[in-house]
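Presented below is the structure to which this report refers.
The values are calculated or read from the model by the stated rules, or taken from the named source; none is laboratory data. Every value quoted in this text rests on a predicted model; they were computed, and no experiment measured them. Positions of Cβ are generated from backbone atoms using ideal geometry, with glycine treated the same way; all protein chains shown enter the neighbour counts. Each accessible area value is taken on the protein alone, full model and side chains, heavy atoms only, with ligands, DNA and RNA left out. Shrake-Rupley method; radii C 1.70, N 1.55, O 1.52, S 1.80 Å.
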2 protein chains.
Amino acid sequence: MFICPLPVTKRDKVLLGHGSGGKLSAELLRDVFLPAFSNPALCRMDDQAIMEAAGARLAFTTDSYVVKPLFFPGGDIGSLAVHGTINDLAVGGADPLCLSAAFILEEGLPMETLRSVAQSMGAAAERAGIPIVTGDTKVVDKGSGDGLFINTTGIGIVRAGISLSANQARPGDCVLLSGYIGDHGIAILAQREGLEFETRIESDSAALHGLIGAMLAASPAGAIRCMRDPTRGGLSSTLNEIAAQSAVGIALQESAIPIREEVRGACEMLGLDPLYVANEGKVVAIVDPAAADAVLAAMRAHPLGAEARIVGAVTDRNPGLVTMRTALGTTRIVDMLAGDQLPRIC
Amino acid sequence: MFICPLPVTKRDKVLLGHGSGGKLSAELLRDVFLPAFSNPALCRMDDQAIMEAAGARLAFTTDSYVVKPLFFPGGDIGSLAVHGTINDLAVGGADPLCLSAAFILEEGLPMETLRSVAQSMGAAAERAGIPIVTGDTKVVDKGSGDGLFINTTGIGIVRAGISLSANQARPGDCVLLSGYIGDHGIAILAQREGLEFETRIESDSAALHGLIGAMLAASPAGAIRCMRDPTRGGLSSTLNEIAAQSAVGIALQESAIPIREEVRGACEMLGLDPLYVANEGKVVAIVDPAAADAVLAAMRAHPLGAEARIVGAVTDRNPGLVTMRTALGTTRIVDMLAGDQLPRIC
């Protein structure tokens, strides 16, 4: 019901799917932004840029948040904006240092809404121990925005000896996932469409730098090849990016992927595939098999990784493709998200 | 005609004036954001945060750009977004290192518009020598945005020995201004309202880090107390902030402030005061009188400072107030912008 088919003609206008994190987003990056901005840090195409500066390696990442509705079970646009940017630093192996916060407000937004969102951001930043140190506010006339958009941008310091990138996966590596997938997307969708389930599904929005720090500390340098948080486009898009950038295959085991019963049920009812549904508090790691047990144990010892699993392996077959061995024993290709399954999810 | 009067009742909704850079913006910062995010770097309330990290002092600044129209004489939203954030780093005494770029696109935006803006950003970044190293794109449904909003966030390295802040102005200091004021605001307004003047007025949008580097190099450490780029809210709001934060008076000489004849004429016709009109390529510096001539000479030797002048002095009278000796010999108070003279100027 929410699948927006790709037009086959040349895309001369921006489509909702260009913000999906899937194929159209990749196309926009390749056709418009990379040619305009080209430089080595950007071309790495990870979730964060990493630069040598002042004798350290700085990580730098930006995200705008346009989630609708602003408040949802398990979070709101403010806490999401703090968690999302912290996570994009952390998956680069960086200790987050600070955040900026920039608001685009629509004229007429209730001041109480803004105050709630700001307080939630402040509380999320304080819980995470990462201060919001600079900001900006713009106001657009009524009808030119949608209540409230937030940009957060973050700086981190990459840990010594750590170098993670989506082009480092090697055949034989294990694919680790920190927990249940699909919670965030289904929580948003249920709130937006007024759907009610027996159990309330909450967003998994959370700051992952503590979990990721524990994973890095539990393994020798280089054993974790890369990490990603599977947000827009879900687990499938994240793994497809890694498979493409590392020119390897990734083989998933469906039975190993943790999905809550209620999320599975909601997806079936709505015609969604949980592999494409956004998460905001999960991490995927590609790990040297020799270190996988130690990393998994470190994940399970952390509250945000209690349900961590090995969900697949990197292979030299089908380079660039993600495949999945289904519960029925068949194998299917898990393609990158085409179009937009669920707009304005983050 | 564009003055939006302040409602006297409690402001329970966001007004356009909350984005003006004037009194309402300051109120929003004080009442909503500072209580929610409070930390020492943010409370400095300069145009950029400065933090010790990795043995260096990092400058960090963010701005969203919602200017309307997207293209205007002398620039566009893309080049403006590059220049504005470079300038906010430079006025903190930092050498800009890199930028992020985050886009919020409205569904249906012509791809050609996006491509033009991206190319302009890339060209501005290349001219300035500051790469755009990371980015993000979100798309909102038609009617929930206005074509295209951009956030740029920047990192810089503060020069050794340099410590600029708006609380460092001292009585006796000189107020230096790098050139003509009001060009940007009038260029935008003319384009937006379809006004035609005999001479086309162009935005002064420019990257100031070269000019500012020359000013710092021409003076001993500490001689330049603070610098600001007088954008939203114009020269008046910038000087009011410095006067308030340093608890000093600032006395301007109207005859010394460079304003183009055509800008003066447009302002008279439109009922605007050029002191409140935005600039995007000008810097104000508060300078030790012993170093003022050397700094002024360095400014005039740079193409972006050819029209630099000493426009006033810091005094111990009227702390917190900006006053101006008019051409008629009278003195008037130059208050901070109240409400919004011209929305969506940057």
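Here the Karplus relation 6.51 cos²θ - 1.76 cosθ + 1.60, evaluated at θ = phi - 60°, turns the backbone of segment A:295-308 into coupling constants of 5, 4, 5, 5, 5, 5, 7, 9, x, 7, x, 4, 9, 5 Hz, with x for every Gly and Pro.
On average, how many beta carbons from a partner chain sit within 10 Å of the beta carbon of a residue in A:21-31?
Mean shielding by partner chains, rounded to a whole number: 2.
Structure note, pairs B:LYS13/B:LYS282; B:LYS13/B:LYS142; B:LYS13/B:LYS138; A:LYS142/B:LYS138: Cα-Cα distances above 30 angstrom occur for B:LYS13/B:LYS282.
Loop-resident trypsin sites (Lys or Arg not before Pro) (DSSP state other than H, G, I, E or B) in segment B:221-326 with no more than 15 further Cβ atoms inside 10 Å of their Cβ: B:ARG317.
What a 1.4 Å probe finds exposed on segment A:251-319 is 50% carbon and sulfur by accessible area, rounded to a whole percent.
Carbon and sulfur: what percent of segment B:44-158's accessible surface (1.4 Å probe)? Working shown, then result.
Details: 1410 of 2790 Å².
Carbon and sulfur atoms account for 51 percent of the accessible area of segment B:44-158.
Sorted by mean Cβ packing within 10 Å, highest first, what order do the peptides B:164-175, A:84-95 take?
Values: B:164-175: 19.6, A:84-95: 27.7.
My ranking of the peptides, most packed first, is A:84-95, B:164-175.
Buried between B and A is an accessible area of approximately 6300 Å², summed over both sides with a 1.4 Å probe. Please report the spacing between the Cα centers of segment A:192-261 and segment B:124-164 in Å, no decimals. Each part's Cα centre sits 28 Å from the other's.
The phi-based Karplus calculation (6.51 cos²θ - 1.76 cosθ + 1.60; θ = phi - 60°) puts the 3J(HN,Hα) values of segment B:223-236 at 5, 8, 7, 6, 9, 8, 9, x, 8, 3, x, x, 4, 4 Hz, whole numbers, x for Gly and Pro. Overall shape: prolate for the protein assembly as shown, with the ratio a/c of the largest to smallest alpha carbon gyration tensor axis at 1.5 or above and a/b above b/c.
Restricting attention to chain B, close to 80% of DSSP beta bridges with both partner residues there are antiparallel.
Leaving out ligands and nucleic acids, and using a 1.4 Å probe, what accessible area per residue does chain B come to in Å²? Let's see the in-between values first.
Details: 12110 Å² over 346 residues.
On a per-residue basis, 35 Å².
With a/c under 1.5 counting as rounded, go ahead and sort chain A into rounded, prolate or oblate using the C-alpha gyration tensor (a ≥ b ≥ c being the square roots of the eigenvalues; past the cut-off, prolate if a/b is larger than b/c, else oblate). Walk me through the intermediate numbers first.
Details: a/c = 1.36, a/b = 1.17, b/c = 1.16.
It is rounded, given that a/c, with a ≥ b ≥ c, falls under 1.5.
Given an 8 Å cut-off on Cα distances and at least 6 residues of separation, report the relative contact order of segment A:44-158 as a percent.
41
When A:GLY265 is represented by a point 7 angstrom out along its Cα-to-C-beta vector, the spacings to that point in the other copies are 7.4 nm, nearest first.
For the protein assembly as shown, the share of DSSP beta bridges that are antiparallel, to the nearest 5, is 80%. What does DSSP give for segment B:65-186 in terms of the percent of beta bridges that are antiparallel, rounded to the nearest 5? Antiparallel bridges make up about 65 percent of those DSSP assigns within segment B:65-186. Normalising the average separation of contacting C-alpha pairs (under 8 angstrom, six or more residues apart) by the number of residues puts the relative contact order of segment B:174-333 at 43 percent.
Take each residue in B:49-58, count the other chain C-beta atoms within 10 Å of its C-beta, and the mean is 5.
Have a look at segment A:83-104 and report residues whose accessible surface goes down by 50 Å² or more when the remaining protein chains are included, against the chain on its own, probe 1.4 Å, ligands and DNA/RNA excluded. Those are A:ILE104, which lose 50 Å² or more relative to the chain on its own.
If you add up the charges near B:ARG317, with Lys and Arg at +1 and Asp and Glu at -1, over every other residue whose beta carbon is less than 15 angstrom from its beta carbon, what do you get? If you can, show how the numbers build up before the last one.
Working: positive: B:ARG170, B:ARG325, B:ARG332; negative: B:ASP173, B:ASP316.
Once all neighbours under 15 Å are counted, the net charge is +1.
Check each of the GluC sites (Glu not before Pro) in segment A:237-346 and keep only those in coil by DSSP with at most 16 other C-beta atoms within 10 angstrom; list them in order. The partial results should precede the final answer.
Values: sites: A:GLU241, A:GLU254, A:GLU261, A:GLU262, A:GLU268, A:GLU280, A:GLU307; in loops: A:GLU280, A:GLU307.
Passing sites in segment A:237-346 are A:GLU307.
Quick one: net charge of B:PRO35's neighbours, Cβ under 13 Å, K/R +1, D/E -1?
Working: positive: A:ARG115, B:ARG30; negative: A:GLU126, B:GLU27, B:ASP31.
Charge balance near B:PRO35 sits at -1.
Take each residue in A:286-295, count the other chain C-beta atoms within 10 Å of its C-beta, and the mean is 0. For B:SER20, the amide hydrogen comes within under 5 Å of the amide hydrogens of B:SER25, counting only partners 5 or more places away or on other chains and with H modelled in the peptide plane.
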